[in-house]
Amino acid sequence: MSKSFDENSRVKIPAILHLTRLQYKYVSLQQVEQHIDSETNIYKESFRVALNQINGIELTDKDVGSIISDLKNLLDAEDL
């Protein structure tokens, strides 16, 4: 009886299980693909919630879009 081991069975699934035990929330890429900024890979909803929590304010989706745009401009200006 030979078992098949691959990256999913040896790395991805154990990592996901460990992180969910640490209270991280697993979100499938298929569920959020339309909510991710393609240039920065920022998940806009989590970003908005985190900014609201850190700053104690209530940002709108338009505000978050503006912040992401500013980040893109800042990163494009850097020679990394």
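The values are calculated or read from the model by the stated rules, or taken from the named source; none is laboratory data. Keep in mind it's a predicted model, so treat the numbers as computed, not measured. No Cβ is skipped: glycine too gets one built from the backbone with ideal geometry, and neighbour counts run over all protein chains shown.
The figures follow:
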{"quantity": "Every pair of residues 6+ apart whose Cβ atoms lie under 7 Å, when the first sits in segment 1-26 and is under 24 Å from Glu45 (Cβ atoms) while the second is at pLDDT 85 or above and surrounded by 10 or more Cβ atoms within 10 Å (Cβ to Cβ)", "calculated": "Tyr26/Ile16; Tyr26/Thr20"}
{"quantity": "Residue list for segment 8-63, restricted to those being among the aliphatic types (A, V, I, L, M), surrounded by 12 or more Cβ atoms within 10 Å (Cβ to Cβ) and either touching a Ser or Thr at 6+ places or on another chain (Cβ under 8 Å) or under 21 Å from Leu75 (Cα atoms) (or both)", "calculated": "Ile36, Ile42, Leu51"}
{"quantity": "Any hit, segment 44-52, residues being touching a helix residue (DSSP H, G or I) at 6+ places or on another chain (Cβ under 9 Å), small (Gly, Ala, Ser) and at pLDDT 90 or above", "calculated": "no"}
{"quantity": "Filtered residues of segment 36-52 (kept if among the aromatic types (Phe, Trp, Tyr) and under 13 Å from Asp63 (Cβ atoms))", "calculated": "Phe47"}
{"quantity": "Residues of segment 1-36 satisfying the condition of being outside any loop (DSSP other than H, G, I, E, B), of a type in the set (S, T, N, Q) and more than 30 Å from Gly65 (Cα to Cα)", "calculated": "Asn8, Ser9"}
